[in-house]
Amino acid sequence: MKIYQAKDYNDMSRKAANIISAQIIMKPDCVLGLATGSTPVGTYKQLVDWYQKGDLDFSKVKTANLDEYKGLSKDNSQSYYYFMQEHLFKHVNIKEKNTHIPDGTETDAEKAAEDYEAIISGLGGVDLQLLGIGHNGHIGFNEPSDIYPKDTHVVDLQESTIEANKRFFDSIDEVPRQAYTMGIGTIMRARKILLLVSGAEKADILYESICGPVTPSVPASILQLHPDVIIVADEAALSKMGIS
Ligand code: PGA
């Protein structure tokens, strides 16, 4: 595990975008595992900027997103499909057919999960998986649990996650209660993982995930067992680690 300390959110975003763009340059037809939420927004903005300057080419890049709210359609402005269009896809030359997100409108949870795993296998697996971390240590929407879910599955979101995500919705009642997410196994099968963490409110959970025991009650702690993890975190998020 390598930890890169960034000064602040912008510096974290730039460092992360550098790592992703190196991946695209080294393997133009790479498979990127992508994430949503506030954390990667600056990274996507930087990638769009470099694309617009002619420094990056997404024409062969394939993507698979971590998760999607169950019940939200692509045109719902809170869906992760919509998020990805707004923050990255519509600004770069990626081909729509090369982008993949779990189908939030699929009501058969088993089918949605199986279909998504088949898509990822069909792509040949993920080369570089981008991750954020929830305040409860979730990665994707793998909430704290007694077990590590292996594959893509449907999850009941925890109250703390619903609370954290209500800022994107008009009211808390509109936040979906369920989501489809890559499993911990799906995430761990990525060849390289890039975890981004920003802000003092993530300092405790980052410390627990990296320095605490590996346990499904802190899902991100499993990353300690992955052979190729890069963490890019800002000083505030690293403040409990004693490495500043
Ligand atoms: P955030 O979410 O980037 O909006 O903090 C991270 C996550 O919940 O994985």
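The values are calculated or read from the model by the stated rules, or taken from the named source; none is laboratory data. On a predicted model such as this, the values are computed, not experimentally measured, just so you know. Cβ coordinates were reconstructed from backbone atoms using ideal geometry, including for glycine residues, and neighbour counts include every protein chain displayed. Each accessible area value is taken on the protein alone, full model and side chains, heavy atoms only, with ligands, DNA and RNA left out. Shrake-Rupley method; radii C 1.70, N 1.55, O 1.52, S 1.80 Å.
For this structure, a couple of remarks:
- Helices (runs of 4 or more DSSP H) (entirely within the stretch 1-105) containing at least 2 residues that are basic (Lys, Arg) and open to solvent by 50 Å² or more (accessible area, probe 1.4 Å): 9-26
- Those strands (runs of 3 or more DSSP E) of the stretch 110-184 in which 2 or more residues are at pLDDT 95 or above and within 16 Å of the ligand (Cβ to nearest atom) occupy 128-131, 178-181.
- When the stretch 1-55 is filtered for residues that are away from the ligand (no atom under 16 Å from the Cβ), within 24 Å of residue 181 (Cβ to Cβ) and either without any contact (Cβ under 8 Å) to a residue 60 or more places away in the chain or over 17 Å from the mean Cα position of the chain (by Cα) (or both), the ones remaining, listed by number, are 1, 47.
- Residues being of a type in the set (A, V, I, L, M) and crowded, with 24+ Cβ neighbours inside 10 Å - total across the stretch 118-146: 5
- Considering residues of the stretch 187-233 that are more than 26 Å from residue 31 (Cα to Cα) and not in a helix (DSSP H, G or I) only, the residue farthest from the ligand (Cβ to nearest atom): 213
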